Structure formats: C-alpha cells, structure tokens
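Engineer: Pasting in a structure now, in structure tokens, and then I'll have a few things to ask.
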Amino acid sequence: MPVDTKRITIPEDSCHPTLFAKEKETPTNADIKLLKRDDGRKFLDVRPMYVNIGINSEARGSAYIELGGTKVICTVQGPREVTRREEFSLKGQLLCEFKYAPFSRPIRQPHLPTNEDKEIGRIIQLALEPAVILDKFPKARFDIFVIVLEDEGGALASSMTCCSMALVNAGIPMYDIVIGTSLLVVDDTFLVDPLSNESSRQWKSDTDNNGLLTIGYMPNINQLSACDQKGLFELTTLQKSISFAIEICKSVHPVIEKRLKNSVREILDEENATVST
C-alpha cells in the first residue's frame, strides 16, 4: 500500500495541547491595583507617540502616526464632484474607508473590508464631519482612506487623530482638529490607552462599570465629536470617564499642534527658497 510521505502521521488518540493548559484566573478589581501593565506603564500613562504628515506625495493630504506598537497611515483625496443624483447635497460629504492590513493582527485579516472595518470607518466619518467646514464644498466629496499597519490597541483613537492631521495637510478648512483617545474602565479604575490584550481581557467587576470608551475631542472649541462605548457603565462613571478622557486629549493636543505648525513652517521655507532662486 502506497504511503503519503508528505503527511505527518499522528496517533489516532492524540489531543490538542491546549486541553492540558492551565486556565488563567480572571483578575478581580482588587488585583487590578497590584497588577502591572504588560508594557510597564502606569495606569494613567499614554504610550510614546510619533507623528508625521505629507508622507504620500500622490495624495492631496496624508499623515502617519505611531502610538506604541500601533501604526496607522491615512490619505485624503478630493474634493471631487458628486455625479450621482441621489448623492447630491448642498454640503460637502466625507467618505471614510477603514481597513486592517492583513498582517496587522496575530490572526491574518481578510483582504476585503469586514463588518468591523465598515463600522469603524463610519465612526471615524461621524467624528470628523463636525470638524470640517463642509458648507464650502457643495456637491463635492472627500475620500479618506485609513490603513492600520499594526494593531497593538487603540486603532480607532489613533485613526481619528491621523485622519484629522491628513485633512489639515490637505489644506481643507476646519473648525478644529480631532484628537482621539481610549480608556478602559473597571469599576473605579481607569487604564489609559489600553493594549489589545488589556481591552479584550475579561475582568471581574463588582459593579456594572466594565468596558472600553473611545472619544474624539476638539480641544480648541471644547466639543466632543464622537463617543464609542463598549460594555456597561453607570451614568456617573460614564461622566467621569468622559471628563478624564478629555483631559488626556488636552495633554496630547500640544504634540499634534506643534507638528502641524512645524509642517507649515517647512512649506513656507520651501516657497521662500523657490522665490529667491
């Protein structure tokens, strides 16, 4: 009888090794106070951030952001004329397409957009619409493309900030820039900028306060443009969480503002050098 040399034979009564793995105990609220975060941060610390704009010369505007191990790139195209009659509007339109790169997560992502991608793209679109002066672009549309190159956590919040910077780089009139941040809430404990394994971990909670909160905030006009909640929150805890997340956005805002000002100076210096020559 011929033997298949390419097939690795195994015993018929073998079992998957995960069956013998010890189950990890779910941390309680008391354990959170003593628990160290996986990257060594304190509960209220934000991961190191790197931002850059104008990285794609083929797009009207582009931006790139690194938040720890989370890497996001965004490009903006338009405005372009809306040709379909049912899409006609006296105000301009934003269309955001969000996508996880196939290699961005431990589990390979599909090439086509998933339902999660479409949902996140819709949230980003709703967060950016209040910040852009769309009345100046009737019968026109801007296309925003977001790709997450690596996801260590906080992809939605990073994408909000990255898209806002790309719109500024494109020279589109805006009321304010949108700063995104995420917050993990377990009872009365806040974990700022949680990692993926922290936000997906099942925490034992003594109350109904257990979930992930992501906001988009416009610091100059002091308005909230988006609020995405996953999990259960009591009303008082939700109010405290939003107020605390706003303070985190205010602390991140000077970093983004400084980079945008430097980019304007670089453009002006290039134009002055061209005129002088």
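Engineer: For a 27 Å ceiling on Cα separation, which of these pairs sit above it: 118/139; 139/230; 42/71; 136/261; 71/118; 42/240? Walk me through the intermediate numbers first.
Structural biologist: Working: 118/139 24 Å; 139/230 35 Å; 42/71 22 Å; 136/261 24 Å; 71/118 19 Å; 42/240 19 Å.
Beyond 27 Å between Cα atoms: 139/230.
Engineer: Then there is this: Residue 139 to residue 268: extension gain in nm, 0.36 nm per residue of separation minus the Cα-Cα distance?
Structural biologist: The span from residue 139 to residue 268 would gain 43.3 nm if fully extended.
Engineer: Something else: Is there a quick way to get the dipole size of the range 28-171? I mean about its Cα centre, with the Cβ of Lys and Arg at +1 and of Asp and Glu at -1; what is the value in debye to the nearest 20?
Structural biologist: That gives the range 28-171 a dipole magnitude of about 160 debye.
Engineer: Another one. Would you mind getting the accessible area per residue of the range 39-110, heavy atoms of the protein chains only, 1.4 Å probe, in Å²?
Structural biologist: About 59 Å² of surface per residue is accessible.
Engineer: Step through the residues of the range 73-83 one at a time and calculate ³J(HN,Hα) from phi using the Karplus curve (6.51 cos²θ - 1.76 cosθ + 1.60, θ = phi - 60°), rounding each to whole Hz and writing x for Gly and Pro.
Structural biologist: These are the phi-based 3J(HN,Hα) values: 10, 9, 10, 10, 10, x, x, 10, 6, 7, 8 Hz.
Engineer: Collect residues whose amide H, placed 1.01 Å from N in the peptide plane, falls under 5 Å from the amide H of residue 152; neighbours closer than 5 in sequence don't count.
Structural biologist: The answer is 70, 71.
Engineer: Per residue, what volume in Å³ does the Cα convex hull of the range 160-237 take up?
Structural biologist: Taking only Cα atoms, the range 160-237 has a hull volume of 95 Å³ per residue.
Engineer: Convert each backbone phi in the range 38-49 into a coupling constant with the Karplus relation 6.51 cos²θ - 1.76 cosθ + 1.60 (shift: θ = phi - 60°), then list the ³J(HN,Hα) values in order as whole Hz, x for Gly and Pro.
Structural biologist: 4, 9, x, 6, 7, 4, 9, 8, 9, 5, x, 10
Engineer: R0 = 41 Å: FRET efficiency of residue 222 with residue 197, Cβ-based, nearest 0.05?
Structural biologist: Calculated value: 0.75.
Engineer: Another question, then. To the nearest 10 Å², what's residue 47's accessible area with a 1.4 Å probe?
Structural biologist: So the heavy atoms of residue 47 present about 10 Å² to solvent.
Engineer: Could I ask something else about it? Taking Cα centroids, how far is the range 153-177 from the range 244-277 in Å?
Structural biologist: Value for the Cα centre distance between the two parts: 13 Å.
Engineer: Would you please give the residues with an amide H less than 5 Å from that of residue 97, counting only those at least 5 places away or on a separate chain, with H modeled from the backbone geometry?
Structural biologist: Amide H neighbours of residue 97, under 5 Å, 5+ apart: 144, 145, 146.
Engineer: Next question. Give me the 1.4 Å probe accessible area per residue for the range 149-277, excluding ligands and nucleic acids, in Å².
Structural biologist: Roughly 47 Å² per residue, with all protein chains present.
Engineer: Give the Rg (one decimal place) followed by the Dmax (whole number) of the range 110-244, computed from C-alpha coordinates and expressed in Å.
Structural biologist: 16.1, 52
Engineer: Given a 1.4 Å probe and every protein chain left where it sits, what share in percent of the accessible area of the range 74-157 is carbon and sulfur?
Structural biologist: Percent of accessible area from carbon and sulfur atoms in the range 74-157: 55.
Engineer: Which value, in Å² and to the nearest 10, is the accessible area of residue 97 when all protein chains are kept and the probe is 1.4 Å?
Structural biologist: Accessible surface of residue 97 is approximately 90 Å².
Engineer: Moving to a separate point now. Residue by residue, what Karplus-based ³J(HN,Hα) values in Hz, rounded to whole numbers, does the range 182-187 have, using 6.51, -1.76 and 1.60 with θ = phi - 60° and x for Gly and Pro?
Structural biologist: Each residue of the range 182-187 in turn: 10, 8, 9, 10, 10, 6 Hz.
The values are calculated or read from the model by the stated rules, or taken from the named source; none is laboratory data. Owing to the predicted nature of the structure, the values given are computational and were not obtained by experimental measurement. Counting neighbours? That spans all protein chains shown, and the Cβs are built from the backbone with ideal geometry, glycine included. The area values use the complete protein model at the heavy-atom level, side chains included, leaving out ligands, DNA and RNA. Shrake-Rupley method; radii C 1.70, N 1.55, O 1.52, S 1.80 Å.
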